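Structure first, commentary second.
The values are calculated or read from the model by the stated rules, or taken from the named source; none is laboratory data. Please read all numbers here as calculations on a predicted model, not as lab measurements. We place every Cβ from the backbone using ideal geometry, glycine too, and count neighbours over all the protein chains shown.
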Amino acid sequence: MALGLHHDLPTILREKSDNFTRPFVFKSCFDDEFISLSDVYQVLNNLPSKTLYHKNIRLYLGPGLAPRESVSHYLKPILDGEGIEEWSSRVFGSYPFGLIINNCQLFHDPLSRRIATLCDQIYRLVGFPPGGIQAALFIGNYGYTPFGVHRDRDERFIIHAHLGPGTKTMTLWDPKYFRKTTGSTASFFDPDSISASGTHSEFGPGDMYVLPADFYHIGHTNGLSVGLAIAFVGLSNRQLLSRALELIRYNFRFSINLESEWFPSEKKCLREITASLFKSENYLQSKNMDYKLSDAVIDYQMLLRSNHGFRGAPEEIRINESVPTIVQIKAPFRLYWIKNTRSLRIYARQRIYDLSLSEIRSLGEENLMFEILEHLNSGRPLETARACQIRSVYQLLSSLLQWQVLDPEVGLA
Ligand SMILES: [Fe+2]
């Protein structure tokens, strides 16, 4: 199993799930090299200190969502020699719980590369999902998913890698049948009453499960179970506009009044969406902004691609020493850039590095800069001694190390 994944995993997943439109369980298709409970322990150990990312955590105690301010009380590291079951008993006793960690890769960066490697293979088959991916860990013994039978909103499809120790059962209902039977599109909290009409799939440790989009569904844990769910997310025009505006707000610390008329419903025609774009552009121009909504749309897409679909940038780390003698990009991540007459904008794991092209040109550093960028993207180790004599390259490499784009430990083994 190269990289801990069955060699033909993406093709089999796609064919057997009818292009990710039908549920499918692929038995024993990954091992610990891809993800294991040890990775989950690393995540659990990092939860208490990474407070910046706590908004990604949801905790259900019994059927209810725990208040946000009480969640940190339950974020307890695994002790030496402890397993997931001992940890669960120590932290929650016999009380049923569900700990959901969205963007789990932010709590343990090595997971990012492994998930990205799997997703890279899927993208080659179905294309890059316009809304990126969202990786979440589901840990618990909650029985039925506490938020009831529901339909996911933006997801195209989900791949669930199960880690155990208990198994999980997923039950799906056709949307038409679900609406007719329950009389509503709202979440439904009596799954047993409609269970007989659902499609059930059970999966255990080492199995992957394809959850197709659009079906109403509910999971059920059989004992304590841990699973990694990777959602491939769609993106409507309305959401793209909204995220581009958020990017402008974030970049410029600029308060934008998000008028609802800027966001036509998806059913409206292209002309109305275009009109809303113009309306937004005019508004920005009236504020004398030299950054257009169309720039923000491009930035949004490039940032997402530079992070291989993940939405959150990894934590910035402190580099104690100067740039190491050898560095290497953390493949499959790669750099993207846009060059215009005056500037060079580099996108690196959801962050932007801007360079004045005229400045590096006047210093004769332009060619070397592009040589370095291409070299890093090739995935080959880069000897930094010569490059670091150039100030602009040294500064770029330092930032890329701080942003966890480069691996500083190459050659140390
Ligand atoms: Fe769901």
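Tabulated values for the structure
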item	result
Unique match (being over 30 Å from His308 (Cβ atoms), surrounded by fewer than 19 Cβ atoms within 10 Å (Cβ to Cβ) and within 12 Å of the ligand (Cβ to nearest atom)) among Gly223, Gly148	Gly148
Close pairs from the range 125-152: first closer than 20 Å to Leu240 by Cα, partner away from the ligand (no atom under 12 Å from the Cβ) and among the basic types (Lys, Arg), Cβ under 6 Å, at least 6 apart	Pro129/Arg156; Gly132/Arg311
Number of the condition not met by Asp174 [criteria: (1) crowded, with 18+ Cβ neighbours inside 10 Å; (2) over 26 Å from Gly93 (Cβ atoms); (3) not aliphatic (A, V, I, L, M)]	(1)
Qualifying residue in the range 190-197 (condition: within 16 Å of the ligand (Cβ to nearest atom), in a helix (DSSP H, G or I) and in contact with a strand residue (DSSP E or B) (Cβ under 9 Å, 6 or more places away or on another chain))	yes
Residues being modelled with pLDDT under 95 and in contact with a helix residue (DSSP H, G or I) (Cβ under 9 Å, 6 or more places away or on another chain) - total across the range 93-107	0
Tally of residues being among the hydroxyl-bearing types (Ser, Thr, Tyr), surrounded by 13 or more Cβ atoms within 10 Å (Cβ to Cβ) and outside any strand (DSSP E or B) across the range 339-368	0
The one condition in (1) within 28 Å of Arg305 (Cβ to Cβ); (2) loosely packed, with under 13 Cβ neighbours inside 10 Å; (3) among the β-branched types (Val, Ile, Thr) that Ile12 fails to fulfil	(2)
Candidate set from the range 133-178 (those that are outside any strand (DSSP E or B) and aromatic (Phe, Trp, Tyr)); member that is nearest to Glu33 (Cα to Cα)	Tyr142
Residue in the range 198-220 that is nearest to the ligand (Cβ to nearest atom), counting only those that are over 24 Å from Leu5 (Cα atoms) and surrounded by fewer than 16 Cβ atoms within 10 Å (Cβ to Cβ)	Asp214
Residues that are within 15 Å of the ligand (Cβ to nearest atom) and in contact with a Gly (Cβ under 9 Å, 6 or more places away or on another chain), drawn from the range 164-177	Lys168, Thr169, Met170, Thr171, Leu172, Trp173
So Ala136, is it within 14 Å of the ligand (Cβ to nearest atom), in the same structural domain as Ser36 (by TED's automatic domain parsing), buried (at least 19 other Cβ atoms within 10 Å of the Cβ) and among the small types (Gly, Ala, Ser)	yes
The range 151-163, subset away from the ligand (no atom under 12 Å from the Cβ) and buried (at least 22 other Cβ atoms within 10 Å of the Cβ), residue nearest to Thr11 (Cα to Cα)	Ile159
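Here is a yes/no grid of residues against (1) touching a residue at least 40 places away in the same chain (Cβ under 8 Å); (2) in contact with a helix residue (DSSP H, G or I) (Cβ under 6 Å, 6 or more places away or on another chain); (3) not assigned by TED's automatic domain parsing to the domain that holds Ser28:
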residue	(1), (2), (3)
Gly164	yes, no, no
Thr182	no, no, no
Phe188	yes, yes, no
Asp192	no, no, no
His200	no, no, no
His217	yes, no, no
